[in-house]
């Protein structure tokens, strides 16, 4: 798993960076949008400007944080399994 500062997730269709702590230790979890094209949508979803010009962030619940982490692990597992199956099929085809 990447370092916590590098966790990228999708939240309501917006690509975000997720932090367990943002300003100081144990003050989160937080999401910060990564695309300026999502600013209006982010404001509608309760995000605020935390710093000029593009630090648009929102504090999320521990439940949301844990759900996003679980989805990230699940997605990684599915991709790993798909790639493993593709590799196995290509090996079988190669040796047939």
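The values are calculated or read from the model by the stated rules, or taken from the named source; none is laboratory data. The structure presented is a predicted model; accordingly, all values stated were derived computationally and were not measured. Cβ sites come from the backbone with ideal geometry, for glycine too, and all protein chains shown count toward neighbours.
Structure above, values below:
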quantity	calculated
Condition met for residue 15 (at pLDDT 90 or above and in contact with a helix residue (DSSP H, G or I) (Cβ under 8 Å, 6 or more places away or on another chain))	yes
Count - residues of the stretch 56-77 that are loosely packed, with under 13 Cβ neighbours inside 10 Å and touching a strand residue (DSSP E or B) at 6+ places or on another chain (Cβ under 6 Å)	0
Residues that are part of a helix (DSSP H, G or I) and without any contact (Cβ under 8 Å) to a residue 24 or more places away in the chain, drawn from the stretch 26-56	36, 37, 39, 40, 43, 44
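Results for (1) modelled with pLDDT of 80 or more; (2) over 24 Å from residue 39 (Cβ atoms); (3) assigned to a helix (DSSP H, G or I), shown as yes or no for each residue.
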{"position": "58", "(1), (2), (3)": "yes, no, no"}
{"position": "65", "(1), (2), (3)": "yes, no, yes"}
{"position": "70", "(1), (2), (3)": "yes, yes, yes"}
{"position": "74", "(1), (2), (3)": "yes, yes, yes"}
{"position": "77", "(1), (2), (3)": "yes, yes, yes"}
{"position": "81", "(1), (2), (3)": "yes, yes, yes"}
{"position": "87", "(1), (2), (3)": "no, yes, yes"}
{"position": "91", "(1), (2), (3)": "no, yes, yes"}
